[in-house]
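Q: Sharing a structure, written as structure tokens. Questions coming.
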Amino acid sequence: MQAVNSPSRDRKLILILDSIQALLIICAVGALGLGFLGRNGPGALPVSFAATGIIVFFFVVARSVGQVVRRSEQDRDATTKACLFGQFGSAELSDESIAQLRGRAVKYCEDLIRDYRSLRSRSQVIYYVFQMATIVLSGVTPILVLLDKTDA
């Protein structure tokens, strides 16, 4: 029964950690905003930087804990899938070592899929950044040429 409750508890923990991360980001932006825009005196800016540093530290801690929880959930899912795939084979495939090998294979495949998805999203962001830079620079170039010709 604990194996059934554990993944849902991990999902709740991940949801809580993601909520904490979002709140910490909002607090960091608010602290910096109050430090720069607020007129609370000369000591407000160092206090806001100190508060932002503490908030960023807690953000990094929450993020690392979230990664550990996600990794343990993925390992548990890979083991569960390996056991499920082992049930469809012959009696020889139900050996524990075969289940471990299948678990490693499933985990490896899921790691490849996760790496592909992260690489795909990073490549997409880089593509859009370069596209926007090309558009902006191609629009600015004639203006710079015109300004250079008027100065000469």
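Q: Please name all residue pairs, on different chains or six or more residues apart, with Cβ atoms under 8 Å, provided the first residue is in segment 97-123 and is in contact (Cβ under 8 Å) with a residue 12 or more places away in the chain and of a type in the set (D, E) and the second residue is part of a helix (DSSP H, G or I) and surrounded by 10 or more Cβ atoms within 10 Å (Cβ to Cβ).
A: Sorted first by the residue in segment 97-123, then by its partner, the pairs are E110/Q74; E110/D77; E110/A78.
Q: A further question follows. Inspect segment 139-148 for any residue being small (G, A, S), modelled with pLDDT under 80 and exposed (fewer than 10 other Cβ atoms within 10 Å of the Cβ) and give the result as yes or no.
A: Going through segment 139-148, the residues small (G, A, S) turn out to be 139.
Still in the running and modelled with pLDDT under 80: none.
No, the conditions are met nowhere in segment 139-148.
Q: Can you find a residue in segment 139-152 that is farther than 30 Å from R76 by Cα and outside any helix (DSSP H, G or I)? Give the derivation first.
A: Of the residues in segment 139-152, the ones farther than 30 Å from R76 by Cα are 139-152.
Okay, now just the ones that are also outside any helix (DSSP H, G or I), so 152.
Yes, segment 139-152 contains a residue that is farther than 30 Å from R76 by Cα and outside any helix (DSSP H, G or I).
Q: Out of I26, I14, report the one residue that is at pLDDT 70 or above and closer than 17 Å to S64 by Cβ.
A: Criteria check complete, one pass: I14.
The values are calculated or read from the model by the stated rules, or taken from the named source; none is laboratory data. These numbers were taken from a predicted model, which means no experiment stands behind them. For neighbour counting, all protein chains shown are included, and Cβ atoms are generated from backbone atoms with ideal geometry for every residue, glycine included.
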